[in-house]
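These notes are about the structure you will find just below.
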């Protein structure tokens, strides 16, 4: 969400693997299919970890990030920041985004079937990319928490 909470802002950047990363252990044929990105493409069309850390701190400084899988995402985020030699200026909320949405649903008597359908509609026929995932979760959050 934007800093004013009015609009959804999403961005994605391909991150160039740092030289000391064991990327061949982490990047697989399954990863390539899931993301639609080959390791060769990633290496040729990505930004260095230092640039990514700077961008993230600039855009997210002082804010909390919510993730659908914070344990996994936090591990990758902090790997980027460690390789960049920079501390993150934001925090990662240690609550699963799905749990937050379910709590918001319960608090507002939101129709769970509508949310499940919205999730299915949003995820149908697309590659898994961070910016698209973030936009989907932000839209779902805005839908669930909308004042009635």
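In percent, how large is the relative contact order of region 52-97, given Cα pairs closer than 8 Å and 6 or more residues apart?
57
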When region 23-92 is reduced to its Cα atoms, the Kirkwood hydrodynamic radius in Å:
13.3
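Values in this text are rule-based calculations from the coordinates and carry no lab data. All of these numbers come straight from a predicted model, not from anything done at the bench.
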